[in-house]
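**Student:** Before anything else, here's the structure in question.
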Amino acid sequence: MSDVRVRFAPSPTGPLHIGGLRTALYNYLFARKNRGAFVLRIEDTDRNRFVPGSEDHISEALEWCGIQPDESPMKGGDFKPYRQSERMHLYADYAERLVVAGYAYYAFDTQEALTARRRAVESKAVPFTYGVKNRMELQNSLSLGATEVARRKETDPYVIRFKMPERNTVVTRDLIRGKSEIDCALLDDKILYKSDGMPTYHLAHVVDDHLMQISHVIRGAEWLPSLSLHQLLYEAFGWKAPEFAHLPLIVKPVGQGKLSKRDGDRYGFPVYPLEWQDPQTGKRTAGYRESGYFPESLVNILALLGWNPGTTQERFSLAELETAFSLERVNKSSATFDPGKAVWFNHQYLQEKSDAVLARDLAAILKTKNLEKPLGFVERVVSLTRMRADFVRDMFEGGIYFFAAPDSYEKKAAQRIFKPEALPILQSLEREFARMSEFSREALAQQIENWIRSRGLGLGRVKSLLRLSLVGALQGPGLFEIAALIGRAECLTRLQRAISFVVRH
RNA sequence: GGCCCAUUCGUCUAGUGGUUAGGACACAAGGUUUUCAUCCUUGAAACAGGAGUUCGAUUCUCCUAUGGGCUACCA
């Protein structure tokens, strides 16, 4: 194992969505490619936004996709614990360390006071930042005397803020975007430690990434603006900073903004890998799994959303991605998820599966509809309908006539085909079917087609008539395949139904 | 408002200081299938705009525009 260690560090504030999943995937792939370790760490430092069930949703989604963490809250590891709420004892100490070394300070300003100040200043279209320019005018251990600070620490709630250095610039490096130089004067003294005794993300993730020996931080581009703060934090601690790679955002297909976990299924395609049930409202939102996608399809399309191999290859198994992936080929610009392409990928993966596997899934659907059939029969249906299916359920919906007689006829086709002249043909056809000694596809094809020709009837015309009678529409696989599979008795029943339909109309 | 990032067909993207700017999805047409779909062939479809550098810019630089992100005691 190399010294490459990466982590996916979601906060349990709701379901995982495909953007988060892609971040996890890229971390996982980078770890596998470099024979490193992939760590799952839960960043639950915000008590207010905690949503029960989130962590399980995240773990199960990763598992469904085949993205197995090497270390996680469930699995453990050398750097446990992997939930920040279980690492609370660490952060206060590190925050204090920065104060002692002069890189941070205590601040006593109330949120109300700051909000008021912010409003006053911003009404003049000037941004408010708690920082170099005004920190001496505010209530903190820099502006107040030592005895006053000691007294207020006893009685008042306080936070610990990072003291932005007064030097000019900070240089950051990103593996995807290259170098960037930011003016420190523009940065504010970010809160590292909250008055409720919890660290903020900025402190906690730097401490944990250092302690967990993370070598590469691969995360969403929304973190780019705080990269300089994180860089400065590593410098203040005297730690070697990891490499950073900020992934392009996945944006909403309509409207504007990045895709968020609150987007649910409002775009007509799932946003979550797995179904999510809101613990408050009880509302369920289907995920990719419930919508009939194979995990391979989701992984494949997500892999290509922001990364490409530099070749024309588009189909990638997870194993192939593990060797092909590289950060160098990750894009800079944000991407829109294309649900149509996800469907196409699923079609491709469905075509790769064996009849037996698909039959098992189709049988499960049939069971829920009380239309159970012998597995051999289901497997035949699969072999006949699979090429027109994107999802397993398409074989049920598009092949419903295999399981039940049509309860209606496609209107336009019926008007054209079920004319009074069709009646004698239908009746003769019924007699021919009843008379056949062998009811196989081959026998049907030979005898019925011969019979049609000997009567001087159009092959297409009679076959359409037969198809509409058996299927209810002018679609589906080979006519005699269908007839043979549903069997003589069922064919006769459907023919009789068609006859009475023609008589009535 | 401030700061940061990005910009190639509708979408995902390849690519180069000189290319007929390539592929995939979606779309359209034709063929195959006496149905539908699959499949095959073909087609339409892009370098955001303006300056500059250069013999030559889609490619390099700057400006503008557009899109996005951040601007919390959220992550």
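A short reminder: the numbers here are calculations on the coordinates, not readings from a lab. Remember, it's a predicted structure, so these values are computed and weren't measured experimentally. So basically every Cβ, Gly included, is an ideal-geometry build from the backbone, and we count neighbours across all protein chains shown.
**Student:** For the range A:47-62, take each phi angle, set θ = phi - 60°, evaluate the Karplus expression 6.51 cos²θ - 1.76 cosθ + 1.60, and give the result in whole Hz per residue in order, putting x for glycine and proline.
**Tutor:** For the range A:47-62, the Karplus curve yields 5, 5, 9, 4, 10, x, x, 4, 4, 5, 4, 5, 4, 5, 5, 4 Hz.
**Student:** Please give, to one decimal in nm, the separation of the simple spin-label points placed at A:M74 and A:A405, each 7 Å out from Cα toward the Cβ.
**Tutor:** Each label point is offset 7 Å from its Cα along the Cβ direction, giving 4.9 nm.
**Student:** Simple spin-label model, 7 Å along Cα-to-Cβ: A:W223 to A:L142 in nm?
**Tutor:** Using points 7 Å along Cα→Cβ, the separation is 2.6 nm.
**Student:** What is the sum of charges around A:K133, taking Lys and Arg as +1, Asp and Glu as -1, for the other residues whose C-beta is under 12 Å from the C-beta of A:K133? Could the numbers behind the result be given before it?
**Tutor:** On the way: positive: A:R135; negative: A:E137, A:E166, A:D188, A:D189.
Taking every other residue near A:K133 into account, the sum is -3.
**Student:** Show the residues, 5+ positions off or on another chain, whose built amide H is closer than 5 Å to the amide H of A:D109.
**Tutor:** Sorted by chain and number, the residues that satisfy this are A:Q139.
**Student:** Assuming 1.306 mPa s and 10 °C, estimate D for chain A with Stokes-Einstein, Rh taken as the Kirkwood radius over Cα pairs, in µm²/s.
**Tutor:** Values: Rh = 27.6 Å.
Reported coefficient: 57 µm²/s.
**Student:** Related question: Run through the range A:307-390 and list the trypsin sites (Lys or Arg not before Pro) located in a DSSP loop whose Cβ has at most 15 other Cβ atoms within 10 Å. Display every interim value, and only then the final one.
**Tutor:** Details: sites: A:R315, A:R329, A:K332, A:K341, A:K353, A:R360, A:K367, A:K369, A:R380, A:R386, A:R388; in loops: A:R315, A:K332, A:K353, A:K369.
Hits after loop and neighbour filter: A:R315, A:K332, A:K369.
**Student:** Counting C-alpha atoms alone, how compact is the range A:39-135: give Rg to one decimal and Dmax as a whole number, in angstrom.
**Tutor:** Expressed in Å, the Cα Rg and Dmax of the range A:39-135 come to 19.7, 53.
**Student:** Considering only C-alpha atoms, what is the centroid distance from the range A:386-447 to the range A:13-78, in Å?
**Tutor:** When both Cα centres are located, 51 Å separates them.
**Student:** Within the range A:124-160, whose backbone N sits under 13 Å from a point 7 Å along Cα→Cβ of A:T110?
**Tutor:** Of the residues in the range A:124-160, A:156-158 have backbone N under 13 Å from the label point off A:T110.
**Student:** Here is a follow-up. Once amide H atoms are placed 1.01 Å from N in the peptide plane, what residues at a sequence separation of 5 or more from A:L247, or on another chain, have their amide H within under 5 Å of its amide H?
**Tutor:** Amide H neighbours of A:L247: A:R219, A:G220, A:A221.
**Student:** In addition: Mean residue ellipticity at 222 nm from the helices of chain A, using -39,500 (n - 2.57) per DSSP H segment of n ≥ 4 over the full residue count, to the nearest 500 deg cm²/dmol?
**Tutor:** On the way: 19 runs with 219 residues, N = 505.
Helices in chain A give a 222 nm mean residue ellipticity of -13500 deg cm²/dmol.
**Student:** If you don't mind, another one. Which residue, chosen from A:M395, A:W223, A:P273, occupies the Cα position most advanced towards the positive end of the dipole of chain A, where the dipole is computed from +1 (Lys, Arg) and -1 (Asp, Glu) charges on Cβ about the Cα centre?
**Tutor:** A:M395
**Student:** Express in whole angstrom the spacing between the alpha-carbon centres of the range A:312-369 and the range A:91-158.
**Tutor:** 51 Å
**Student:** Something else: Can you give the net charge of the other residues whose Cβ lies under 13 Å from the Cβ of A:D174, counting K and R as +1 and D and E as -1? Show your work: numbers first, answer last.
**Tutor:** Numbers: positive: A:R173, A:R177, A:K179, A:R219, A:K332; negative: A:E181, A:E243, A:E328.
For residues surrounding A:D174, the net value is +2.
**Student:** Provide the FRET efficiency to the nearest 0.05 for the A:L485-A:E96 pair, computing r from the beta carbons and using R0 = 51 Å.
**Tutor:** On the way: r = 76 Å, r/R0 = 1.49.
The calculated FRET efficiency here is 0.10.
**Student:** Mean 1/r over all different Cα pairs, inverted: what Kirkwood radius does the range A:233-371 give, in Å? Mind showing how you got there, number by number?
**Tutor:** Details: mean 1/r = 0.0560 Å⁻¹.
That comes to 17.9 Å for the range A:233-371.
**Student:** To continue, here is another question. Among the trypsin sites (Lys or Arg not before Pro) in the range A:83-187, which ones are in a DSSP loop with at most 14 other Cβ atoms within 10 Å of the Cβ? Mind listing them? The partial results should precede the final answer.
**Tutor:** On the way: sites: A:R83, A:R87, A:R97, A:R117, A:R118, A:R119, A:K124, A:K133, A:R135, A:R151, A:R152, A:K153, A:R161, A:K163, A:R167, A:R173, A:R177, A:K179; in loops: A:R87, A:K124, A:K133, A:K163, A:R167, A:R177.
Here the trypsin sites (Lys or Arg not before Pro) that fit, given the DSSP loop and packing criteria, are A:K124, A:K133, A:R167.
**Student:** Apply the Karplus parameterisation 6.51 cos²θ - 1.76 cosθ + 1.60, with θ equal to phi minus 60°, to every residue of the range A:288-298 and state each ³J(HN,Hα) to the nearest whole Hz, in sequence, with x for glycine and proline.
**Tutor:** In residue order, the calculated couplings are 4, 4, 5, 7, x, 7, 7, x, 4, 5, 5 Hz.
**Student:** Under 5 Å between amide hydrogens, which residues at least 5 positions from A:T169 or on another chain qualify, with H placed 1.01 Å from N in the peptide plane?
**Tutor:** Answer set, sorted by chain and number: A:C184.
**Student:** Right, next: Can you tell me the length gained on complete extension of the stretch A:R266 to A:T368, counting 0.36 nm per residue apart and subtracting the Cα distance? Display every interim value, and only then the final one.
**Tutor:** Numbers: separation 102, 0.36 × 102 = 36.72 nm, distance 2.64 nm.
My answer for the length gained is 34.1 nm.
**Student:** Something else: Within the set of other residues whose C-beta is less than 13 Å from the C-beta of A:M395, count the net charge using Lys and Arg as +1 and Asp and Glu as -1.
**Tutor:** On the way: positive: A:K353, A:R360, A:K369, A:K373, A:R380, A:R386, A:R388, A:R393; negative: A:D355, A:D361, A:E379, A:D390, A:D394, A:E397.
My count for the surroundings of A:M395 gives +2.
**Student:** In whole Å, what are the Cα extents of the range A:6-59 along the three principal axes, biggest one first?
**Tutor:** Largest to smallest, the principal-axis extents are 37, 20, 14 Å.
**Student:** I'd like the FRET efficiency for A:E86 and A:F128, computed as 1/(1 + (r/R0)^6) with the beta carbon distance as r and R0 of 22 Å, rounded to 0.05.
**Tutor:** Values: r = 35 Å, r/R0 = 1.61.
According to the calculation, E is roughly 0.05.
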